[in-house]
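Everything on this sheet refers to the single structure shown next.
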Amino acid sequence: MIAHHLPILQIIIPLMSAPICLVLRHARIAWVLSLAVSWICLVISVSLLVKVLDGGAISYELGDWAAPWGIEYHIDTLNAFVLVIVTAVGAVVMLYAKASVEAEVPEERRYLFYTMLMLCLTGLLGITITGDAFNLFVFLEISSLSSYVLISMGRDRRALTAAYRYLILGTVGATFYIIGVGLMYMMTGTLNFADLATLIPSVADTRTIQVALGFLTVGLCLKLALFPLHMWLPNAYVYAPSAVTVFLASTATKVAVYALIRVIFTIFGAVDILDIVQVRNLLMTMAIIAMFFGSIVAIYQMNVKRMLAYSSIAQIGYMILGVSLDTLTGVAAGIIHLFNHAMMKGSLFMALGAVIYQIGSVHLDDMAGLGRKMPLTMAAFVVGGLSLIGVPLTVGFISKWYLIQAVLERGWWPIAIIIITTSLLAVIYVWRVVEIIYFRAPSGAAAVATEAPVSLVVPTWILIGATLYFGIDATTTLDVAIAAARALIGGGS
Amino acid sequence: MIFEFAAGAVIIAMCLVLYRAVKGPTVYDRILAVNTFGTLTVIIIAVHGFLVGRPKFLDLALVYALINFIGTIAISKFVAFSGLGYPSEDEEKGDI
Amino acid sequence: MELVGLLNYWIVIVLMMTGFYIVISHGNLVKKIVGLNVFQVSVFLLYITMGKVHGGTAPILEEGIALYSNPLPHVLILTAIVVGVATTALGLALVVRISDAYGTIEDDEIDAMENND
Amino acid sequence: MIILALMGFMAVIGIAMARIRDLFAVVILGGIFSLLGAAVYVILDAVDVGFTEAAVGAGISTVLLLGTLALTTSEEKVTPESRSLVSIVAVIVTGAVLVYGTLDMPRYGDPTAPINHHVAPRYLEKSGDEVGLPNVVTSVLASYRGYDTLGETFVIFTAAVGVLAILGRSRRQPKRKRMKARKG
Amino acid sequence: MVAVVDILSWACIVLGAGFCLIGALGLVRLPVVFARMHGAGIIDTLGVGLIFIGLMFHAGFSLILAKLILVLLFILFTSPTATHALARAALRGGVDPLATDPTEELPSPNSNKGAASSKT
Amino acid sequence: MSHLVILRIVSKFLIPFIFIFALYVQWHGDFGPGGGFQAGVIFSSGFILYALIFGVSLTRQAAPAWLTRAALAIGVLLYSGVGVAGMVMGGNFLSYSVLADEPTHGQHLGILLVELGVGITVAAAMITIFLTFAGKDR
């Protein structure tokens, strides 16, 4: 009974907890509720993944209306995996949020903060789980609107402008997406992903569908901050409250990447339209530029949060590169990098959040000597950084290894060299931070800093633990990623 | 036939009013033009209902008229007071 | 003359691009939001235009009427309108706060101030 | 014909909005734009949508924009030329792509278009028996695609809570500061 | 009988449409905002009124008639009120009711100095 | 603008009709254009008119912050509650047919409640948003 309703419970529990948070109007209760809900969500998503791995894709018809007429939830390995990523990060962030939010958000707005965080989580889960193109848009907007509000809650006044710019670009992206959906709908008469996948091949050579694909891609790339469309990302990450940065950095862009994968491989999977419109080559070019651009700009940043934000742009480049290869290994590498990047970026931003909590700044100069003052946090940062570089025994190594393997399978060795080069660039920017935090004498606020509170350090180390565990024993995640990739590449849904 | 004529006349009138709305020169001219334009839209909706032979949807015309009224009041108030409300100073209005 | 059937779409596209132009070219934060509204209304028009059927009427069932326009785009756009107004409200709230914090609502001036920060 | 005339008006207003720098006038023109849009929806048989657009676009949005202008300023500064050149290019490219995409579209009002043959007919033919309401839009909105509407309701909920979170005053805030701000 | 009703309805609609045009023309041609209000007034009363009365003849006795009367009543109530509010605002805003020259720029706090469009 | 007698009298006279019209739109949505969303907006426009003429603080007395906040939550909870009820009664989420003995009755009931939820939330949201804007000091 319950097992049958798991897909909708995944959404409806966090969704309904938001208005309850609002009426309760109490920060502490709201936090406890959100924490409970996010862990319940994690349990649900893990059981969904297990179920999908055992028994194949699950379909849930909302309102008991059959699929093309009603809205359908369709869960295959890929979205079950992304659901686990989102809920896992959500659950850990909730643990982390309490102390961090108390330091950064005024008392009377905290319950609103948790309401928004719940809505954001729901929106991302809703995007992931749905099998309907327009329903995806609705949940995209729930998550976007709440993330604009969350970002604007940062203490700096630049948080407001960051949120505003994100709002404008995000809305333009969403509008492009609905233009694309509209054009697809016009040519096929349906909005259901599976249905679209069967109907698109017959109209694939029309110019309308090609334009639709273009608009969908551009709209989603705005959301996932692929290189030329990344302008909103750095400021949004830097000025948002720490917990929000962690959450958005490790989930929002991932979910957008997921949506792009869904569009390219599920909806347009059965046709070779990708070759006609050159979307894949374009994506690959942009991904490579993003890798270079992000890494190089990151080197010159003095604000460590901004440095990591640019590194995120580079990492998104890796994911899109994997996806654009269109081979089993490539897509699997892209998918596994979704997971791995969520873990490592989450832990890195958490460590920085702890630094902000203790010394109020993440400027590189202010962080001098912190390695001795906050050993646990900084150790976490270093491990995360190593993973970002792709050192063996961390998750970063796994994804890069597979990515390079996928590139070599295609025989494109220059791209493999590019990947290695950008990893070396990552060494530079991570090393700059390591050097300053360990080999310089502390000054100013750092001189009197102490280790961050347990409630900040523990979640950080949970994610670091995941980084190491899945770096050493990657069989589980790899199996899932390869299964997901096989389902996608197999054509259709 | 007669409805087409009415619709045509109203559209020409709309054209003229639109000229006033775009041209200005003062804000008040624009507000006046907006108000009149709203009225003309109400007529167009009513006439169109008869034109296609399904004049059931006159509720819409009522909404248009209502919104038009509220909009004009809001704009006039904005111009007169540079604000929409009177937030009184000595009151506790916990909005959050 | 078979392109005449596309005239409506072309006008809609002109409208869309007007809105899009306002969004990306203007530095005033309020005007960007107005442009976003124009953009979205035009996209809604695209949907509604594609749902229209010649000779059809509003999709409210009645005896003696056989041909209705397509109801599904209407439903989608109802939802999208709500999303649009929600975005507008949030964006404007942000503009008010920005104006409080910076004393201006011009993008360029805000940029200049941020670079000084 | 009425549609083309109204859409033409909309285009004129849109261009005027892009060029006029008095934000107040822009907001007023925006109100007309929405009202016209609503009229076009009605003429294109989307009565429910016209209803909503009139109430929301022409009503609520305009009032909110006015409120914002009241709290900020109503004059726009000039935009640098270079920026508008880039924008014009971007806009023309996007528009050209869209026009290119229209070439293979089903023509306006074509009853044989795929959109009228796959999903929609079932709503028109069966909703009377399955749901039992004359207004098909309501049936689809609340029942067939009721989940979208749930999401929509949550979107507006998010917006309201978000506006509270961004703009709302706390009641614990000292009054004196506010009074001073108002007088100043 | 039917013919009489038809003719009445036609006459009303034609007259109403004519008044709409006259009002709109007045809105364009008259010099200042207070004078232009007269043009708007014609549309709001005679224009709408006659057209709606014409439509009522067409509708016959039905729910539609009731709705038409409601809309008409609503407009007849609100339009003068709105114009009144506008006139007050204009007066407060400093528009001189006696000004006759349309080209004369009238000082008012919100008059749009920037109406002259910029070449963007 | 509260000293303007004409405005005050006309709006006092109109506002009850606006509310009645909103209710009409709410319940008539099944048969003609309209429904919860439109009704909510019209309902809130009555409040907006009141606030424009009589000021924000008087309006806040009619719609206090706690009330609008509660209404915001109640509306969405009502909507999702109907969905959950469908689940409990043996259907999928948001399936109305199981709510009553006959599927169409269930559909009617479900749509009625759902539209009511939408109406409540939208009205509360619009009032909240407007009053937050209008009540903010410069």
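The values are calculated or read from the model by the stated rules, or taken from the named source; none is laboratory data. Not measured: the values here are computed from a predicted model. All Cβ positions, glycine included, derive from the backbone under ideal geometry; neighbour counts span all protein chains shown. Areas reflect the complete protein model, heavy atoms only, side chains present, ligands, DNA and RNA absent. Shrake-Rupley method; radii C 1.70, N 1.55, O 1.52, S 1.80 Å.
This table checks each residue for (1) aromatic (Phe, Trp, Tyr); (2) touching a helix residue (DSSP H, G or I) at 6+ places or on another chain (Cβ under 7 Å).
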site	(1), (2)
F:47	yes, yes
F:66	yes, no
F:74	no, yes
F:77	no, yes
F:82	no, yes
F:85	no, yes
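Which ones in the range A:438-487 are part of a helix (DSSP H, G or I) and at pLDDT below 85?
Once the filter is applied, which keeps residues that are part of a helix (DSSP H, G or I) and at pLDDT below 85, the range A:438-487 yields A:444, A:445, A:446, A:447, A:448.
For the range A:103-121, enumerate the residues that are touching a Ser or Thr at 6+ places or on another chain (Cβ under 8 Å), open to solvent by less than 10 Å² (accessible area, probe 1.4 Å) and either acidic (Asp, Glu) or within 8 Å of chain D (Cβ to nearest Cβ) (or both).
A:116, A:119, listed by residue number.
Would you check if residue E:17 is in a helix (DSSP H, G or I), out of contact with any strand residue (DSSP E or B) (no Cβ under 9 Å at 6 or more places or on another chain), open to solvent by less than 30 Å² (accessible area, probe 1.4 Å) and under 19 Å from residue B:9 (Cα atoms)?
Against the criterion (in a helix (DSSP H, G or I), out of contact with any strand residue (DSSP E or B) (no Cβ under 9 Å at 6 or more places or on another chain), open to solvent by less than 30 Å² (accessible area, probe 1.4 Å) and under 19 Å from residue B:9 (Cα atoms)), residue E:17 qualifies.
The conditions are (1) open to solvent by 10 Å² or more (accessible area, probe 1.4 Å); (2) touching a residue at least 24 places away in the same chain (Cβ under 8 Å); (3) more than 21 Å from residue F:116 (Cβ to Cβ), and residue F:5 fails exactly one of them. Which is it?
For residue F:5, the failing item is (2).
How about the range A:393-447: which of its residues are polar (S, T, N, Q), touching a residue at least 60 places away in the same chain (Cβ under 8 Å) and surrounded by 18 or more Cβ atoms within 10 Å (Cβ to Cβ)?
A:394, A:399, A:422 - these are the residues of the range A:393-447 that are polar (S, T, N, Q), touching a residue at least 60 places away in the same chain (Cβ under 8 Å) and surrounded by 18 or more Cβ atoms within 10 Å (Cβ to Cβ).
Give the number of residues within the range F:99-110 that are open to solvent by 50 Å² or more (accessible area, probe 1.4 Å) and of a type outside the set (D, E, K, R).
The qualifying residues number 4.
Given the criterion in a helix (DSSP H, G or I) and within 14 Å of chain B (Cβ to nearest Cβ), identify the matching residue among F:127, F:120.
Going through F:127, F:120 in turn, just one is in a helix (DSSP H, G or I) and within 14 Å of chain B (Cβ to nearest Cβ): F:127.
Given the criterion at positive phi and of a type in the set (D, E, K, R), identify the matching residue among A:54, A:76, A:64.
A:64
Looking at the range E:20-41, which of its residues are of a type in the set (Val, Ile, Thr) and surrounded by fewer than 21 Cβ atoms within 10 Å (Cβ to Cβ)?
Within the range E:20-41, E:22, E:28 qualify.
Given the conditions (1) closer than 30 Å to residue D:140 by Cβ; (2) not in a helix (DSSP H, G or I), and given that residue F:137 satisfies all but one, which numbered condition is not satisfied?
(1)
Can you say whether residue C:73 is at the interface with chain D (Cβ under 7 Å from one of its Cβ atoms), buried (at least 24 other Cβ atoms within 10 Å of the Cβ) and within 28 Å of residue D:104 (Cβ to Cβ), as far as the supplied structure shows?
Numbers: at the interface with chain D (Cβ under 7 Å from one of its Cβ atoms): no; buried (at least 24 other Cβ atoms within 10 Å of the Cβ): yes; within 28 Å of residue D:104 (Cβ to Cβ): yes.
No: the conditions fail for residue C:73.
Conditions (1) hydrophobic (A, V, I, L, M, F, W, C); (2) on the phi > 0 side of the Ramachandran plot; (3) under 18 Å from the mean Cα position of the chain (by Cα), marked per residue:
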site	(1), (2), (3)
A:308	yes, no, yes
A:311	no, no, yes
A:318	no, no, yes
A:337	no, no, yes
A:341	no, no, yes
A:358	no, no, no
A:364	yes, no, no
A:370	yes, no, no
A:378	yes, no, no
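Going by what's in this entry, would residue D:15 be described as part of a helix (DSSP H, G or I), open to solvent by 10 Å² or more (accessible area, probe 1.4 Å), under 16 Å from residue B:15 (Cα atoms) and in contact (Cβ under 8 Å) with a residue 40 or more places away in the chain? First the steps, then the outcome.
Details: part of a helix (DSSP H, G or I): yes; open to solvent by 10 Å² or more (accessible area, probe 1.4 Å): yes; under 16 Å from residue B:15 (Cα atoms): yes; in contact (Cβ under 8 Å) with a residue 40 or more places away in the chain: no.
When the stated conditions are applied, residue D:15 does not pass them.
What tally of residues in the range F:87-99 results from selecting those that are under 17 Å from residue A:73 (Cα atoms) and touching a Leu at 6+ places or on another chain (Cβ under 7 Å)?
3
Considering D:5, D:18, which residue is at the interface with another protein chain (Cβ under 7 Å from one of its Cβ atoms), under 18 Å from the mean Cα position of the chain (by Cα) and not acidic (Asp, Glu)?
Exactly one residue qualifies, and that residue is D:18.
Conditions tested, residue by residue: (1) open to solvent by 40 Å² or more (accessible area, probe 1.4 Å); (2) within 28 Å of residue A:356 (Cα to Cα).
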{"residue": "A:278", "(1), (2)": "yes, no"}
{"residue": "A:285", "(1), (2)": "yes, no"}
{"residue": "A:300", "(1), (2)": "yes, yes"}
{"residue": "A:309", "(1), (2)": "no, yes"}
{"residue": "A:315", "(1), (2)": "no, yes"}
{"residue": "A:319", "(1), (2)": "no, no"}
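So which residues in the range E:39-51 are facing chain B (nearest Cβ under 9 Å) and in contact (Cβ under 8 Å) with a residue 24 or more places away in the chain, if there are any at all?
To start, the set of residues in the range E:39-51 that are facing chain B (nearest Cβ under 9 Å) comprises E:39-40, E:43-44, E:47-48, E:51.
Residues satisfying the conditions are E:40, E:43, E:44, E:47, E:48, E:51.
Is it the case, given these coordinates, that residue D:68 is of a type in the set (S, T, N, Q), within 28 Å of residue F:137 (Cβ to Cβ) and within 7 Å of another protein chain (Cβ to nearest Cβ)?
yes
Within the bounds of the range D:132-142, is there any residue that is modelled with pLDDT under 90, over 24 Å from residue C:81 (Cα atoms), more than 8 Å from chain C (Cβ to nearest Cβ) and open to solvent by 10 Å² or more (accessible area, probe 1.4 Å)?
There is at least one residue in the range D:132-142 that is modelled with pLDDT under 90, over 24 Å from residue C:81 (Cα atoms), more than 8 Å from chain C (Cβ to nearest Cβ) and open to solvent by 10 Å² or more (accessible area, probe 1.4 Å).
Filter the range B:54-78 for residues that are at pLDDT below 80 and more than 8 Å from chain D (Cβ to nearest Cβ); which is most open to solvent (accessible area, probe 1.4 Å)?
Across the range B:54-78, the extreme among qualifying residues is B:56.
Somewhere in the range B:31-40, is a residue under 27 Å from residue E:70 (Cα atoms), modelled with pLDDT under 85 and either of a type outside the set (Lys, Arg) or assigned to a helix (DSSP H, G or I) (or both)?
There is no residue in the range B:31-40 that is under 27 Å from residue E:70 (Cα atoms), modelled with pLDDT under 85 and either of a type outside the set (Lys, Arg) or assigned to a helix (DSSP H, G or I) (or both).
Residues in the range C:89-109 that are more than 9 Å from chain A (Cβ to nearest Cβ) and either open to solvent by less than 10 Å² (accessible area, probe 1.4 Å) or of a type in the set (Phe, Trp, Tyr) (or both): how many?
The qualifying residues number 4.
Going through the range F:54-90 one residue at a time, which ones are surrounded by 22 or more Cβ atoms within 10 Å (Cβ to Cβ) and either at positive phi or over 20 Å from the mean Cα position of the chain (by Cα) (or both)?
Listed by number, the list holds a single entry, F:86.
How many residues does the range D:30-68 hold that are over 13 Å from the mean Cα position of the chain (by Cα), more than 16 Å from residue C:48 (Cβ to Cβ) and either surrounded by fewer than 24 Cβ atoms within 10 Å (Cβ to Cβ) or β-branched (Val, Ile, Thr) (or both)?
2
For every residue, the table says whether it meets (1) surrounded by fewer than 24 Cβ atoms within 10 Å (Cβ to Cβ); (2) not in a helix (DSSP H, G or I).
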| residue | (1), (2) |
| --- | --- |
| A:346 | no, no |
| A:372 | yes, no |
| A:379 | yes, no |
| A:384 | no, no |
| A:391 | yes, yes |
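Quick check: is even one residue across the range D:155-172 at pLDDT 85 or above, surrounded by 24 or more Cβ atoms within 10 Å (Cβ to Cβ) and within 21 Å of residue A:70 (Cα to Cα)?
yes
Please list, ordered by first then second residue, the pairs with beta carbon atoms under 6 Å, 6 or more apart or interchain, first in the range C:28-48 and facing chain D (nearest Cβ under 8 Å), second of a type in the set (Phe, Trp, Tyr).
Correct list of pairs: C:48/D:41.
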